[in-house]
Each structure stands twice: as structure tokens, then as C-alpha cells.
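The values are calculated or read from the model by the stated rules, or taken from the named source; none is laboratory data. Everything numeric in this text was worked out from a predicted model, so none of it was measured. Methodologically, a virtual Cβ is constructed for each residue, glycine included, from the backbone with ideal geometry; neighbour enumeration extends over all protein chains shown. Keep in mind that these areas ignore ligands, DNA and RNA; they rest on the heavy atoms of the full protein, side chains included. Shrake-Rupley method; radii C 1.70, N 1.55, O 1.52, S 1.80 Å.
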Amino acid sequence: MNARELQACADRLEKFLITMLASVGRSERRHHGSLYVQGLLLDGERKSIEPLAERVPGGNVQALQQFVGQSPWAWEPVRRLLAQHLEEELLPAAGWIIDDTGFAKQGKESVGVARQYSGTLGKVGNCQVAVGVHLATEAESMPLDWALYLPQAWTEDGERCRKAGIPANTPFRTKLELALELIDHLLAWKLSRQPVLADAGYGNNTEFRQGLVERQLHYVVGVESSTAVWEKPTQRVQPRRRAGRGRPRRPYYRGRPTALRDRAVALPPEAWRMVTWRQGTQGPQRGRFAACRVQPAHGHVEDQPELEPVWLLIEWPPDTEAPTKYWFSNLPEEVSLRRLVRLAKLRWRVEQNYQQLKEELGMDHYEGRGWHGWHHHVTLVCLAYAFLLLERQRLKKNSDSDFA
């Protein structure tokens, strides 16, 4: 936004921020929070505090640094209120998207920074990594909550954590554990349950999928082509007892499970259908898909109890020699192929989130090093993103009414 555009919606922005920042405490904090969000919204290459303060009337570098990096206001109430508000505005909701993103960093002092793999970088690099949960509709998506991933090199170094302001005795948690914690937040905030969508980095993990089942959530998650399944529900066979001495025989399976790539190739031609999942700027987005019921062979591989049957969704473009993507879903047996496809393909919206959050709103521009500062900055960026989203919706409604 330029200054003129921001002024045109100043009253709506003020009303929005008065509501969203009510929990941060004193009027000075609410004032600085408002200035910070305005600075994020205004055009500018860098959205770190110094250049941000220069472009906002009344901006003070020291005051904004203190508000973001050191002030003790709690970010969770702000995120909760924003999530509840956006759930009312983004209708009809279609899914919760779980994903992680990286923030390239220099040096070793920024909280959580390490040499680690980042999908954003496409390689191992010096960066922070955060796990996010996003609310998606067929037309929009919005980040609701974030968790900063702390590598074990951090959680095992108490002095390093203390200097960064990380709460004492914070345990190491995998990205999968952080994702489930974020979902627990949404459930505790009384948001309506949505199908969980994630790529194979999460979907491959049996404990993650079971964690969703335990929370009574449906999912559509990516899995790798090497994942093993039973074509028909199966269970271990109890062996007959042998007379005499010797170690008791273990339960066994009849037959062997099948890799997803082999299951896909074995499907008959009539199992495949062309499905359109959305209208894109270049025309309808279509692909060739098939779906069948399978039982993940978790028990066979890990000597664990067998899992319930799920849907296997497969994408095989007509111009490729082999299928390209696979998903598991525990949606009901009567679900349509089109709904499975549309949910599986909805995850692409998270990439739009990241592009605007980083390129336009400076989500990865924060130069502070501490735990509180990172969480405060990300929360305020989400407020700015939400306001832009609501403005787009308002303009669209006004445009539609003009042509009604």
C-alpha cells in the first residue's frame, strides 16, 4: 500500500486494530502496535524496524524496538482473537493446512537459527524454521498460528536459550509434534474442526496421522510412492502351537504388502478419471486421478497394531510415464473423488501466503534475535496480512454488488 491507499482505509484499520490489540495492555503498547502494522502495510523494500519507523508518521525506532523485542505482552491472545474473527469472515472454510517455512539468517545468535534444511531455500542453509497452520477456503487462506522450531543444539544449551529469552526447560519438539500442538491450540480456541492438509513431510509419519485421528479430525496428506499398503484389510495370523521346547512362533501375515507405485500401476484403466479442481487464470486446472481403499502396512513394517483402512488418492498425468503424487485420507467411504482431489490440491494456497507474508509484509525481515521479538513480529505480520485479506473481500463484495 502507498500512503494514499492506507489513508483511504485508515478508519477501518483503526477499528480492526483496536479490537485485535485489546489484550496487549497499556494504550502506549496499542499505539506502537498500530504504528508497526501500518509500517508493515506501507510500501518499502525492507520491513525491519529502522526503515519501518522512518516511513510511519510518529514512528520511533527505540519505542518500536522495545514494543516488539522486549515488551512482555502475550501473543497467543492476539492470535486467538484473530483466528476466531477470521473463521467468521472466511466462509465456507475448507481445511487447515500444516506447513513449515524457512527464514534465511546470518550468524548464530538469532533464536532457533542453525544449519538445517529449508524448503524455502531448497537446501541446507543457515536459517530459522517455523511450522504454521493456515485456514483455507476455495478462494483464500490465512495463517492462524505459528511455532518456531528449536533444533536440539538449542534446547540442550541452557545458557544459549536463556540469552535468547526462551522459556526455561523448553523441551525439544519435532516439527510433527509442533504441528499437533498448533492444532491443539485451534481446538482449544473452539474453532470449527476442518480436514487437515499437509505434504508428505508430515503425511508419511504414522504417528502424525494417528494424532489427527485421536483428535477426531479428517485429513488428506501426501505420502511417498514407496509407502507400503495392503490391498485388502488384513491382520496377523496366530500360529499354531508347537509341541516340545523352543521359542514360541510369532504371529505372521499371509502375503506381502504392496508399494503405492505398484498399486497404482495395477489399477484398471476405468479407475482413472479426469477431474477439474479449480478455475485458474489460464483456464481450468485438471488432472487424471484414481482413488481406492487400502490399509497402511504400518504393523507389518514396525511390528505394531494394524491401522484402519484409508483412501489412497493418486495423480497420474496423461503425459507422464508414472504417477506423480499420492495422498492418504481418512474421509468417509462415501466421499466423492472430486472432493478428495479438491482438498488435496488446496494446499497450494499456502505458497501464496508465504509470498505475500515475506515479499510484501516482511515476515522474514525481522532483525531481532530473541524469542519474544520473533513471536511478536510474526503475530503483527499476521494482523497486517489479515487486514489486507479483509480489504480484498470488501472490494470484491462491493464490485459484485455493482454488477448485481
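Among the residues of the range 33-60 satisfying the criterion of being modelled with pLDDT of 95 or more and among the small types (Gly, Ala, Ser), which is farthest from Phe16 (Cα to Cα)?
Gly39
Within the range 16-43, which residues are touching a residue at least 60 places away in the same chain (Cβ under 8 Å) and surrounded by fewer than 20 Cβ atoms within 10 Å (Cβ to Cβ)?
Thr19
If Ser336 satisfies all but one of (1) within 30 Å of Lys163 (Cβ to Cβ); (2) open to solvent by 20 Å² or more (accessible area, probe 1.4 Å); (3) not β-branched (Val, Ile, Thr), what's the number of the condition it fails?
With (1) within 30 Å of Lys163 (Cβ to Cβ); (2) open to solvent by 20 Å² or more (accessible area, probe 1.4 Å); (3) not β-branched (Val, Ile, Thr) applied to Ser336, the lone miss is (1).
Is there a residue being among the small types (Gly, Ala, Ser), under 20 Å from Arg392 (Cα atoms) and more than 25 Å from the chain's Cα centre (by Cα) anywhere in the range 77-84? Even if it seems obvious, please write down each step before you answer.
Going residue by residue through the range 77-84, those that are among the small types (Gly, Ala, Ser) are 83.
Subsequent filtering for residues that are under 20 Å from Arg392 (Cα atoms) retains 83.
Narrowing the set further to residues that are more than 25 Å from the chain's Cα centre (by Cα) leaves none.
No, the range 77-84 contains no residue that is among the small types (Gly, Ala, Ser), under 20 Å from Arg392 (Cα atoms) and more than 25 Å from the chain's Cα centre (by Cα).
Name the single residue, out of those in the range 251-301 being part of a strand (DSSP E or B) and surrounded by fewer than 12 Cβ atoms within 10 Å (Cβ to Cβ), that is modelled with the highest pLDDT.
Within the range 251-301, the match that is modelled with the highest pLDDT is Met274.
Report whether or not Ser336 is within 23 Å of Asp199 (Cα to Cα), more than 23 Å from the chain's Cα centre (by Cα) and at pLDDT 90 or above.
Yes.
Just a yes or no: is a residue in the range 19-27 under 25 Å from Arg349 (Cα atoms) and at pLDDT 95 or above?
Yes, the range 19-27 has at least one match.
Restricting attention to the range 351-373, and to residues there that are in a helix (DSSP H, G or I) and open to solvent by less than 10 Å² (accessible area, probe 1.4 Å), which single residue is modelled with the lowest pLDDT?
First, pick out the residues of the range 351-373 that are in a helix (DSSP H, G or I): 351-360, 371-373.
From what is left, the residues that are open to solvent by less than 10 Å² (accessible area, probe 1.4 Å) are 353, 357, 373.
Numbers: Asn353: 86, Leu357: 93, Gly373: 97.
So, considering only residues that are in a helix (DSSP H, G or I) and open to solvent by less than 10 Å² (accessible area, probe 1.4 Å), the one modelled with the lowest pLDDT is Asn353.
Restricting to the range 76-92, name every residue that is buried (at least 20 other Cβ atoms within 10 Å of the Cβ) and either touching a Cys at 6+ places or on another chain (Cβ under 8 Å) or closer than 21 Å to Ala139 by Cα (or both).
Matches in the range 76-92: Arg79, Leu82, Ala83, Leu86, Leu90.
State which residue pairs qualify: first residue without any contact (Cβ under 8 Å) to a residue 24 or more places away in the chain and inside the range 196-207, second residue assigned to a helix (DSSP H, G or I) in any location, beta carbons under 9 Å apart, and separation of 6 or more residues or different chains.
Taking only residues 6 or more apart or on different chains, not a single pair turns up.
What are the pairs with Cβ atoms under 8 angstrom where one residue, in the range 320-348, is aliphatic (A, V, I, L, M) and the other, located anywhere, is at pLDDT 95 or above and open to solvent by 60 Å² or more (accessible area, probe 1.4 Å)? Sequence gap at least six, or different chains.
Every condition considered, the pairs that remain are Ala322/Arg261; Ala322/Val265; Leu331/His218; Leu331/Arg339; Leu337/Arg273; Ala344/Lys325.
Checking the conditions here, which among Val196, Val213 is touching a Phe, Trp or Tyr at 6+ places or on another chain (Cβ under 6 Å), surrounded by 12 or more Cβ atoms within 10 Å (Cβ to Cβ) and modelled with pLDDT of 95 or more? Please lay out each step first, then the result.
Values: Val213 fails: touching a Phe, Trp or Tyr at 6+ places or on another chain (Cβ under 6 Å).
Result of the check over Val196, Val213: Val196.
What number of residues within the range 16-45 are closer than 23 Å to Glu391 by Cα and not in a helix (DSSP H, G or I)?
5
Among the residues of the range 115-172, what is the count of those that are of a type outside the set (Gly, Ala, Ser), open to solvent by less than 50 Å² (accessible area, probe 1.4 Å) and not in a strand (DSSP E or B)?
Within the range 115-172, the first condition is being of a type outside the set (Gly, Ala, Ser), and the residues that meet it are 115-117, 120-121, 123-124, 126-129, 131, 133-135, 137-138, 140, 142-146, 148-152, 154-157, 159-163, 166-167, 169-172.
Remaining after also requiring open to solvent by less than 50 Å² (accessible area, probe 1.4 Å): 116, 126-129, 131, 133-135, 137, 140, 142-146, 148-151, 154-155, 161, 166, 170.
From what is left, the residues that are not in a strand (DSSP E or B) are 137, 140, 149-151, 154-155, 161, 166, 170.
Qualifying residue count, the range 115-172: 10.
Looking at (1) part of a helix (DSSP H, G or I); (2) closer than 30 Å to Arg261 by Cα; (3) not small (Gly, Ala, Ser), which one does Gln216 not meet, given that it meets all the others?
Of the numbered conditions (1) part of a helix (DSSP H, G or I); (2) closer than 30 Å to Arg261 by Cα; (3) not small (Gly, Ala, Ser), the odd one out for Gln216 is (1).
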